[in-house]
Amino acid sequence: MTYQGERARPMASESGRSFEVSKVRIGPDGHVSDVLWGEVQAGADRVVGAGVVARAAEVVDALHDGARVAAAFPGGRLPERAFVIVEHEDGRECIAFQGAPSPGRNVTDLDSLDG
């Protein structure tokens, strides 16, 4: 499967690919609508390509396809919290962090695409 931006290169599988999200846009519904993300070399803290802006639906697709997607918070370099897919009662899917809230390490603590 191919995707917009950083994930446009066709791959046999997304398993083993890692991406970091450094900025987000929160939509009117209070959920992440867009991200700035890029592929990173897993375990090496090395960016593989330039970051691109993509819809959160791209992140959902990547997660469904077996990729690991985590956040890179300001001031830190390594991705620190993993994203997971959350399904709403109406069947829509969005992204959220795995696990309990963490002081200073929540979606609202990421840099904003709007500012």
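The values are calculated or read from the model by the stated rules, or taken from the named source; none is laboratory data. Everything numeric here is computed off the predicted structure, so don't read it as measured data. Don't worry about glycine lacking a Cβ; one is built from the backbone with ideal geometry, like all the others, and counts go over all protein chains shown.
Note on the range 4-26: among residues that are of a type in the set (Gly, Ala, Ser) and exposed (fewer than 14 other Cβ atoms within 10 Å of the Cβ), the one that is modelled with the highest pLDDT is Gly16.
In the range 68-85, the residues that are closer than 18 Å to Ser112 by Cβ reach residues that are part of a loop (DSSP other than H, G, I, E, B) and modelled with pLDDT of 90 or more with C-beta atoms within less than 8 angstrom, at least six apart or across chains, in these pairs: Ala71/Leu110; Phe73/Leu110; Pro74/Leu110. Under 6 Å between Cβ atoms, which residue pairs at least 6 apart in sequence (or on different chains) link something in the range 86-101 that is closer than 19 Å to Trp37 by Cα and in a loop (DSSP other than H, G, I, E, B) with a partner that is among the β-branched types (Val, Ile, Thr) and at pLDDT 90 or above? Filtered contacts from the range 86-101: Gln98/Val84. Residues considered: Asp34, Asp45, Asp29, Asp61. Of these, the only one that is at pLDDT below 90 and under 22 Å from Asp90 (Cα atoms) is Asp29.
Residues in the range 83-110 that are surrounded by 14 or more Cβ atoms within 10 Å (Cβ to Cβ) and either in contact with a Lys or Arg (Cβ under 8 Å, 6 or more places away or on another chain) or of a type in the set (Ser, Thr, Tyr) (or both): Phe97, Arg105, Leu110. Count of the range 55-76 residues, restricted to those that are surrounded by 15 or more Cβ atoms within 10 Å (Cβ to Cβ) and within 20 Å of Arg25 (Cβ to Cβ), is 14.
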